[in-house]
Amino acid sequence: MSASLLIAQLLNGLQYGVLLFLLAAGLTLVFGIMSFVNLAHGSLYMLGAYALAVVSGATGSFALGVAAALATGIVVGALLEWAAASRLYRRDHLDHVLATFGLVLFFNELTRMVWGPQPLFVALPEALSGTVELMGFFYPAYRFLIIAVGLAVALGSAWLIHRTRLGMLIRAGSVNPQMVGALGVNIRLLNALLFALGAALAALAGAMAGPILSVQSGMGEPVLITALVVIVIGGIGSVSGAFYAALIVGLTDTLGRTYLPLLMREFASREIASAAGPALASMLIYLLMAVVLALRPQGLFPAHRG
Amino acid sequence: MSAGARPPEGGAPSPGEVVAQRPEGRTMNTLLHTEGLTKRYGALVVTDAVSLDIREGELHAIIGPNGAGKTTLINQLSGELAADAGRVRFAGEDLSATGIAARARRGLLRSYQITSVFDEFTVRENAALAARGARRHAFAFWRGLLQDAAAVAAADAAIAATGLAARAQVIAADLGYGERRQLELAMALAAGPRFLLLDEPMAGMSAQESAAVVELLRGLKRKYTLLLVEHDMDAVFALADRISVLVYGRLLVTGTPDEIRNDPEVRAIYLGDEELHQ
Amino acid sequence: MTTIRPSTLIPLLLLAALAVLPFAAESYYTAFFARVLIYAVAASALNLALGMGGMVSLGHALFLGLGMYSVALPAHFGIDDGWLQLALCVAACGLVGLVTGAISLRTSGIAFIMITLAFAQMGYFLVVSLKQFGGDDGLPIAGASRFFGLELASAEAVYGAAFCLLLALTAWVARLRVSPFGMTLRAGRQNARRVASVGLALPRYQLAAYVLSAVLCGLAGMLLANLNAYASPSSMSWMVSGELIVMVVLGGMGSVFGPLLGALAFLGIEELLKGLTEHWMAIFGLLILAVALLGKSGIAGLLARLDARVPARRSPRLAEGRA
């Protein structure tokens, strides 16, 4: 277990964590304020990745691809909010699950229809395809970019939530959704805005992940489920909770996958370790969530209620 | 096991049977006793060291201005809210740490200010479920609830006592507002209570409906021990054996209706300049 | 007594048709309808927790999978004794249901949906990573389950077993709905707080229903494994949990015949759309969205509306909730 492996894994965990945060931020707001269960959030992530792949492939510009992903997120998010979500806020969670489950099937098939079942390849721009040296240790530049973008969004959302009028409404809404309506705010507009914002962040996450994963139909669901774990651990409705929980989950998952099989070899035979190690590692975050929920059903960093 | 915890007199008494078992006139035994019952929400003290004695067989009313903590007190007595401090003794048993379901099985029943019945069930099913819940567990997977003769007998008696007999087969969602309040009462009665907490049973009722409920409560008096929280002063002074006045969470005074009516402190604090009715 | 109303008559006729189907149809259709019956059993199981108890479990595929591997794992080691597999299935689903249910029921609302999903994902990844038992590729089943003389080797045999199980289950659910247990669950869905104040400790009843539901879902898994001669982790994926929810809602939440109607409609529409286009899932997804937007009385609810139109004399017993 070398130090450089540990540093690399820590950075990988951080990078995975900030990606999860991009996805979880919008999800937790929509959960917390509109009390809406959105399984189709993963589809927005997928659409973001496709937008990047298609546009950057056609124009050769990575930046244009990212912009296209953001635009796709906003447009599709707003459309979804108007066509489906806004009609379901007042209904119970079961209807949300049902409707967004249908949307997941729809979007997955739609991408398969348009771009086929084969994964798309996204080329990295020259400037980002190299490695960066950090204290005698090399790490891919692009992964640094992901970390930087994620942290920037985290800072930006902290500013938005704590320093702006919109943020005040978000904070009030996640504690007491009825009260915001009573303040004379156009609640429908606020909901649509938040939904679209969350969608844009999800699409951004998809775009950032595009070059390091394969862009294909159904890519949104595994990461969506992990993001759901994040917001439940962080406390539903809490953006800062989502940030901390995303880092915890990202690091737990990454380090678990690397070190758990190694660790198990110390105690058990090679065969058992190589069979049970990955199994335990992939279960780790769900185990973590179950423990958190069993001990603190409101999550680790709940939005302050009073 | 839970059924064994019921008071010794209760096999499956319908409201009618209970009459025979309780002598006319009230005994002076204390059925429910609280000591220093306190509930705080942050800095706000909602009930402040309330010590109260409810005697077996009396109708005890609690009055007080809005925000006096009346509903909170009821919630603490029924077990829905855990008290921050203080004790609740019921029929000689300390129930301070006992949950609502277990208190209900001991005969401490409540009705809600905001009507809370099972909308998809008929009147009879609502009352029968309440009767069943108070008497036995519901781990029965084959025989219908309405085939439980004891529960249905208690339910029908309670429905008749609250004047809903003609509406027994109606789905609760189709009932009128007053009828739903009657059902709320019927569910509490069907459970074969020793003690009933009535949280504003006349809230939102027309004068006519209120009068019917007053008559109903008059009929329940002596059969059950009743704690009544109510804003309708006419009703309270007409029905109550004793009245306690709650102001800002504190128990100001307890006394007969006459004593309360003539208490200068009550007149000053609670009633302001307003003349008491009657 | 009451005359039989369309909402009962139509499903009964459907069951009668299903009873004779394997004698008349080609084996392709027998296999297809065997799948319908098995999913109807699974949906019936979920209906206990979701339809009656209001517990939105997005993880019931876990129990379907446990049932499948209760057949596949013993078969892998050459054990085809159906009773042994059944005992394993009941023990596994019961135990896992008890533990996950006890933890999940500490939460409610969104968190309950998430935690049931998380437990199912744990099971999914566990199976995927067990490479010695096929992992991602699944585990073929060489020998079918054997119950005394009966071997669940053919589609017809599985069909017969699934039909009998569904029939028994449906008859029981009809009783259960109006039994004290069923009424307590249904009351809890309407107003959980009120159930406690009538003296019933709701969480215990919910947990019992959840465990029961888990075990029954496992039985469906055993049948499915025999039908496919194959157990695969993909039947444990969260998509399958979602499909089960769709079947329950499509058929009619908490109703007696809803799970059968829902499973038939779901798989039937899927089969029809597959014949139309390879991209049937896009249409299907939008259909599900439409069902969610339009409300959830389901097919059973539509049939009940038909009842009102039939000029039968309305008996007062109608109101007693025996749909």
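Quick note: the coordinates plus some simple rules give every number you see, no bench work behind them. On a predicted model such as this, the values are computed, not experimentally measured, just so you know. Because the Cβ atoms are built from the backbone with ideal geometry, glycine has one as well, and the counts that use them run over all protein chains shown.
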- Message: Inside 10 Å of the C-beta atoms of B:70-80, what's the mean count of C-beta atoms belonging to other chains?
- Response: 1
- In peptide C:125-136, how many Cβ atoms from other protein chains are near each Cβ within 10 Å, on average? 4
- Whole-number Å³ per residue for the convex hull built on Cα positions in region A:145-194: 74
- Query: For chain A, what is the calculated [θ] at 222 nm in deg cm²/dmol (nearest 500), taking -39500 (n - 2.57) for each run of four or more DSSP H residues and dividing by its residue count?
  - Reply: -25500 deg cm²/dmol
- Message: Can you list which of the DSSP-assigned H helices in chain C have a Cα extent of 27 Å or more along the long axis and an average Kyte-Doolittle score of at least 0.5?
- Response: C:27-47, C:82-104, C:109-129, C:155-178, C:202-228
- Extreme residue, positive dipole direction of region A:187-306, given options A:SER240, A:THR254, A:VAL229 (C-beta unit charges): A:SER240
- Only helices at least 15 Å long along their axis, Cα-based, and averaging 0.0 or more on Kyte-Doolittle count here, so list those DSSP H runs from chain B. B:149-161, B:207-220
- Item | Listed residue (A:TYR142, A:GLY130, A:TRP159) projecting farthest to the positive dipole end of region A:69-166, Cβ model | A:TRP159
- Message: I need to check one value: relative contact order of chain A, counting alpha carbon pairs closer than 8 Å and at least 6 residues apart, in percent.
- Response: 35
- In which sequence would C:HIS60, B:HIS60, C:HIS279, A:HIS96 go, from the one with the fewest C-beta neighbours within 10 Å to the one with the most? C:HIS279, B:HIS60, A:HIS96, C:HIS60
- Item | Estimated dipole of chain B in Debye, rounded to 20 [Cβ of Lys and Arg +1, of Asp and Glu -1, Cα centre] | 1080
- Inter-chain shielding metric for A:282-292, i.e. average beta-carbon neighbours from other chains within 10 angstrom, reads 5
- Roughly how many debye, to the nearest 20, is the charge dipole of region C:152-258 about its Cα centre, given +1 on each Lys and Arg Cβ, -1 on each Asp and Glu Cβ, and no other charges? 660
- Work out which trypsin sites (Lys or Arg not before Pro) in chain C are exposed loop sites (DSSP not H, G, I, E or B, at most 16 other Cβ within 10 Å) and give the longest gap free of them. C:107-312
- Given labels modelled 7 Å from the Cα in the Cβ direction, how far is it in nm from A:ARG296 to B:ALA173? 4.0
- Query: region A:6-58: Rg/Rh from Cα coordinates, Kirkwood Rh?
  - Reply: 1.12
- Message: What whole-number distance in Å separates the alpha-carbon centres of region C:267-304 and region C:122-177?
- Response: 26
- Note on the structure: If N is the residue count of region A:3-295, its Cα Rg over 2.2 N^0.38 Å rounds to 1.03
- Task: Could you let me know the centre-to-centre spacing of region A:55-114 and region A:243-306, using Cα atoms, in angstrom?
- Result: 30
- For chain C, calculated [θ]222 nm from helices alone, where every DSSP H run of n ≥ 4 adds -39500 (n - 2.57): -24000 deg cm²/dmol
- Message: Looking at region B:177-278 only, what percent of DSSP beta bridges run antiparallel? Nearest 5 please.
- Response: 45
- Task: Tell me what chain B gives for mean residue ellipticity at 222 nm when only DSSP H runs of n ≥ 4 count, each as -39,500 (n - 2.57), the sum divided by the residue total, rounded to 500 deg cm²/dmol.
- Result: -10000 deg cm²/dmol
- Message: Defining a contact as two alpha carbons under 8 Å apart and six or more residues distant in sequence, what relative contact order in percent does region B:100-225 show?
- Response: 37
- Plugging the Cβ-Cβ distance of C:ASP307 and C:ASP136 into 1/(1 + (r/R0)^6) at R0 = 56 Å yields, to the nearest 0.05, a FRET efficiency of 0.70
- Query: Given H placed on each backbone N at 1.01 Å, which residues far from B:ILE62 in sequence or on other chains put an amide H within less than 5 Å of it?
  - Reply: B:LEU228, B:VAL229, B:GLU230, B:SER244
- Item | Antiparallel DSSP beta bridges within the protein assembly as shown, percent to nearest 5 | 60
- Selection from C:VAL96, B:LEU109, A:TYR286, by position along the positive dipole direction of the protein assembly as shown (Cβ): B:LEU109
- Query: Which loop-located chymotrypsin sites (Phe, Trp or Tyr not before Pro) does region A:54-150 contain, where loop means any DSSP state but H, G, I, E or B and the Cβ has at most 16 other Cβ atoms within 10 Å?
  - Reply: A:PHE121
- P(r) tail fraction, chain C - alpha-carbon pairs more than 36 Å apart, %: 17
- Note on the structure: For the protein assembly as shown, Rg(Cα) over 2.2 N^0.38 Å is 1.06
- So for the pair B:GLU93, A:MET179, with labels modelled 7 Å out along Cα→Cβ, what separation do we get in nm? 4.1
- Task: Run down the lysines and flag those whose C-alpha is under 22 Å from the C-alpha of B:LYS39, throwing out any fewer than 8 positions away in its chain.
- Result: B:LYS70
- Item | Semi-axes of the equivalent ellipsoid for region A:103-257, Cα gyration tensor, largest first, Å | 31, 22, 15
- Can you list which of the chymotrypsin sites (Phe, Trp or Tyr not before Pro) found in region B:126-234 are DSSP loop residues with at most 13 other C-beta atoms within 10 Å? B:PHE139, B:TRP142
- Take every DSSP beta bridge with both residues inside region B:3-269 and express the antiparallel ones as a percent of the total, to the nearest 5. 55
- Note on the structure: chain B: relative contact order from alpha carbon pairs under 8 Å, six or more residues apart, as a whole percent, is 26
- Query: What does the charge dipole of the protein assembly as shown about its Cα centre add up to, to the nearest 20 debye, if the Cβ of each Lys and Arg holds +1 and the Cβ of each Asp and Glu holds -1?
  - Reply: 620
- Query: Between C:ALA16 and A:ARG270, what is the FRET efficiency for a Förster distance of 56 Å, r being their Cβ-Cβ separation, to the nearest 0.05?
  - Reply: 0.40
- Pop a pseudo-label 7 angstrom from the Cα along the beta-carbon direction at both A:LEU262 and C:ALA192 and give the gap in nm to one decimal. 4.3
- Global form of region B:3-269, assessed from the alpha-carbon gyration tensor, a/c cut-off 1.5: prolate
- Task: First measure r as the distance between the Cβ atoms of A:LEU79 and C:LEU276, then evaluate 1/(1 + (r/R0)^6) with R0 = 22 Å and state the FRET efficiency to the nearest 0.05.
- Result: 0.25
